[in-house]
Each structure stands twice: as structure tokens, then as C-alpha cells.
Amino acid sequence: MVEPTTALAKAAPNAAILEQVVVKNDLSTLSPDQRLEYYSSLCRSLGLNPLTRPFQYITLNGKLTLYATRDATDQLRKGGDISIQIVAREMVGDIYVVTARASRAGRQDESTGAVDVKGLRGEALANAYMKAETKAKRRVTLSICGLGMSDETEVVTIPGASLANVDMETGEVVSTPALSAEAESFNAGRWYQSIGGTKAGFNQICGLIAERSPEKTWGHWFKEAADEGCATVEEMEIYIYDQLLAKAEKTMPLDDGPGNPGCAATATEAPATPASAIPGGKYPGLTEYVDLTEAQYRKLQAAEKTIGKNLAQEAAICPEKTFAALYARMTGQAAVTA
């Protein structure tokens, strides 16, 4: 992989654009075409695929700049032959600190990732530990590549920062419809707007959260999605759906008839049969899915219960008779043609 400083000079858009970016550190002063040119040149200089949107825009101290997404650091590690090692984990008061060391072409660099774990228990504490490690790895990756920018695990916690919604096709700074006053008062609400969220979409996802997860607010869910690196509304919705599905699977038994809440039978469907009683391990309405396991069937039932799509109907029109294709169709995680 070519060193960033050398490659950027070769892939530089033009002197005028670089002067505005370097001197003013503000991409809002560029025209939409210049923003596109600079973004593409930066990706080329680092060997990144711009189609994966390795960088997103953020407004900080009144200036429009870029931050690195998970795709950026993943591609940098792979293309730059960067190895990462965790060299320390420690508690400093209520702060959990992880130190990561990166090695590349005989050079080494270290960075830390820190999170406040005061009052956290169980799964929340485990997630905080993983977040600290992720932050350390991503920060040291950017550091050893010579990129002095924030990564996405940091931006939502920077005071006064707001993620900017820039059309990646045209370079235009796009405004989005206002959410409720309550939503806009939270960083999570502003983050949702910045990734292209609309008021209608906000109301829809919040309704689902209120119904399926009353113990956690929409702000908690949005923050978790941002921490996981979701950079679009679609990615955020997929993340939240997956978490709600996992929650449903933990408490939902296999369907054993119309009285079972796992997957209620409809007037046009025969009552479901216990999996153990089905010859050859096949499931009601899914006879073409010959390799379907009990665990996979359970997951599909959870998707039906959580998202509301009819499993038998989706299975019938799914062109590829595999669990992966059907699950993607049920959850909307992939584009599937009928």
C-alpha cells in the first residue's frame, strides 16, 4: 500500500482545493463538485473504495470535515498490511482503558480507547468493554496511516458536533425534514437526521421500538446503532431489527400449534407441527428448504413475529430456496427479486 502522504500528492485534485482544505480545514467552502473531487482523491490516495463510503461528514466548531467509518479502518488494515495487538487493559477509576499497538512496515504506533463503565452491569458492561477495544483499534489504525481525523466511535460523543448530511452523488449539503423537538434535543436525533432520516421514518422505527422494546428508549437504540458504525438509515434499521429478532428468539418457543405465540396459524394455513414430529426434518410451508435446521426455523419464526411478514408467503415467492435468502427477504437485509 502506498504511503498516504506520497499518494495524496499524486492523486491531488488541484492546488486550489488542497489550499482551502489544508489552510481552512473546512469542506463547506468547497463547491459540491470540489467536495466530490476531494473525497474521491482522498480515497484513491489511501487505496479505499469510495463506493463503500469510508468517510462521512461532520460539522465541528462550525466547520465541515470528514471522519472515518468502520469501512475505512477495515480497508486500511487489510490493504496496508497493518497488524493490531492489544497490549493493555486497565481500569482507571470508572474508566475502562484499552491500549492497542499497530505494526506496519517496521513501524509501530499505540493508541487508547476509553469508555465510562460506571453503573454498567451484564450485557451493557460487556458492550462497553468491546467498544473500548474497538475504539483503540480504529484510532491506532488511523494514527499509523497518518490520518488526523476522528473515527465514528468518537463523533457522536463530541460536544457541539453534529453529523452532516451530504449527498454522496452530487456533493450537495442536504437538509432533512425536522423531527420532533424532543428528538432534536438529543445527539441521537441529530445523528439520525444526518444519515438521511425523515420524520415519517423516525415515527415508524420509534413505534416499533416502543412496541417491541419498551424497556429501552429510541435514543438508546440510535446511540447503539451509531456506535456499531451504521452510516445509513438502512444500516441502522437492519441493526435494530437484528437486535429485536435476537431478543424475540430468546423467549419464543418453537411453534407447536395455533395456541403457540411463536407463529400463529392463519385461516389459510394448517396448524404448525412440532419440529421433532416432521418427517425428514421439514417444516410447515417450507418443504422446499430441505437443509433448514431447527435453529434456523426458530430464527425465521422470530422474524415473522417481530417484523410482521408472513413466513409461508415469503418462502413461496423467494427465488432461492435457502435459509440465507429467505431470512434476508424477511428482514429486508438484502435486495431480493420476486
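Observations, loosely collected:
- Evaluated against (1) surrounded by fewer than 20 Cβ atoms within 10 Å (Cβ to Cβ); (2) at pLDDT below 75; (3) not assigned by TED's automatic domain parsing to the domain that holds T29, G189 falls short on exactly one condition, (1).
- Residue count for the range 40-54 under the criterion of being under 25 Å from Q193 (Cβ atoms) and in contact (Cβ under 8 Å) with a residue 40 or more places away in the chain: the result is 1.
- Which numbered condition G160 misses (of (1) over 23 Å from the mean Cα position of the chain (by Cα); (2) on the phi > 0 side of the Ramachandran plot; (3) modelled with pLDDT under 85): (1)
- Residue ID - nearest to T153 (Cα to Cα), chosen from residues in the range 52-75 that are at pLDDT below 85 and aliphatic (A, V, I, L, M): I58
- Any chance A225 is at pLDDT 60 or above and either among the hydrophobic types (A, V, I, L, M, F, W, C) or in contact with a strand residue (DSSP E or B) (Cβ under 9 Å, 6 or more places away or on another chain) (or both): yes
- Every condition in (1) at pLDDT 75 or above; (2) under 17 Å from the mean Cα position of the chain (by Cα); (3) farther than 22 Å from E172 by Cβ holds for S194 except the one numbered (3).
- Here Q301 meets each of (1) at pLDDT 70 or above; (2) part of a loop (DSSP other than H, G, I, E, B) with one exception, condition (2).
- Residues in the range 81-98 that are part of a loop (DSSP other than H, G, I, E, B), in contact (Cβ under 8 Å) with a residue 40 or more places away in the chain and out of contact with any Lys or Arg (no Cβ under 6 Å at 6 or more places or on another chain): D81 only.
- Meets criteria (of a type outside the set (A, V, I, L, M, F, W, C), in the same structural domain as D33 (by TED's automatic domain parsing) and not in a loop (DSSP other than H, G, I, E, B)) for E154: yes
- Residue list for the range 201-219, restricted to those being free of Cβ contacts under 8 Å to residues at least 12 places away in the same chain and part of a helix (DSSP H, G or I): N203, Q204, G207, A210, E211
The values are calculated or read from the model by the stated rules, or taken from the named source; none is laboratory data. On a predicted model such as this, the values are computed, not experimentally measured, just so you know. Virtual Cβ from ideal backbone geometry, glycine too; neighbours counted across all protein chains shown.
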